[in-house]
Amino acid sequence: MTTVTPPSPTDPATGSVPSPSAPSAPSAPASPPAPPPSTGGGRPAVDWRLRFAALALIWGFSFLLIKVGTEGYAPFQVTFGRLFFGTAVLAAAMAVRRERLPRGARTWAHLTVAAFFLNALPFSLFAYAELTIPSTLAGICNATSPLWGMVLSLVALSEDRPTRRRVAGLGIGFLGVLTVLGAWQGFSGLDAGGTAMALLASLSYAVGWIYVRRTLAGSPSSHLSLTGAQLTLATLQLAVVTPLFTSLPNSIPVVPLLAVIALGALGTGVAMLVQYGLVAEVGPTTATMVTYFIPVIATAAGVALLGERLGWNTLVGALIVLVGAALTQGRPGPAPAGKGIGWPRARNGRP
């Protein structure tokens, strides 16, 4: 599973444009400065804790849905379907709220790059990775996004300063990755290509967040508008790539098709809208804590529903990764004037 706030910061697992400036908070999972769209006056009908739990479940199950989708369709087809249905949900939300698409060639150019790094590339990499690795491992790899993000932010963002806590978190996090991969036994039994693609997908989210944070600060467009435009562009990118590398399926397997529809409509569309409401109600720091539940749910779903095997090192390593990711989210110093486009580091994912 994405995520723009990422989801977590990340999603993402979702690959959305990062959320508004806020205290540091790994998916899903970088953020335009505009506040999240209002959920309307009055108190929401559903308690935020229930919506938080629903969001964690949706994003946690995204990796299972990717695995099921690739059992019937090519990875690029799964990614295209995911983006298509996710875009449809956001387009409907924009129509209801009478939101307009962003204006300006420069903004659209930046969103095209963001769409590639936050959606088209990582979504495709995860789909290809799950051809050869369990969905549980893909979910854990997604949790490394905050670690990659910290490394890149120290290089690319002058306002981010390393602290002992964050450096320790980085070291602990990558120690957890080595534990998950079973480094002491020579990575035996591990598909190197699939694992590398999942880790590259996680890295791609971090690159995208950094890029958005540096280029879309000060955009007058709303968060929903930017995300809708970004997903539209990512869908167009896959619409070009998919026919070049895949052929039409001979049949239309129903279960994989339903998985792709759910992955897009729920995991990429509805989940973003739910997260916007949470950010508006309880703040980005609390809302993006959902990221820490994604690998847990992805692991439980893969073991319980797909019968995937789980070694002790996977469980222990995943816990170490999450501890390290949490430590890297220590609050940095205040951003210089004009650069307060904070990114909830607890993201995304988002798958």
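How large is Rg over Rh for region 87-151, taking Rg from the Cα atoms and Rh as the Kirkwood inverse mean of 1/r across Cα pairs?
1.10
Taking only protein heavy atoms into account and a 1.4 Å probe, give the accessible area per residue of region 41-95 in Å².
Averaged over the residues of region 41-95, the accessible area is 42 Å².
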Taking amide H atoms as placed 1.01 Å from N in the peptide plane, list the residues 5 or more away in sequence, or in a different chain, whose amide H sits under 5 Å from that of Thr132.
none
Within 10 Å, count the other beta carbons around each residue, average over each peptide in 117-129, 75-87, and list them highest first.
117-129, 75-87
Across the Cα atoms of region 181-256, what radius of gyration and what greatest pairwise Cα-Cα distance (Dmax) are found, in Å?
18.6, 52
Give me the mean projected area, in nm² to one decimal, of the convex hull enclosing the Cα positions of region 69-205.
11.2
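The values are calculated or read from the model by the stated rules, or taken from the named source; none is laboratory data. Here the structure is a predicted model, which means the values were calculated and not measured. Please note: Cβ atoms are built from the backbone with ideal geometry, for glycine as well, and neighbour counts cover all protein chains shown. Ligands, DNA and RNA are stripped out before the accessible areas are found, and what is left, the full protein with its side chains, is counted by its heavy atoms. Shrake-Rupley method; radii C 1.70, N 1.55, O 1.52, S 1.80 Å.
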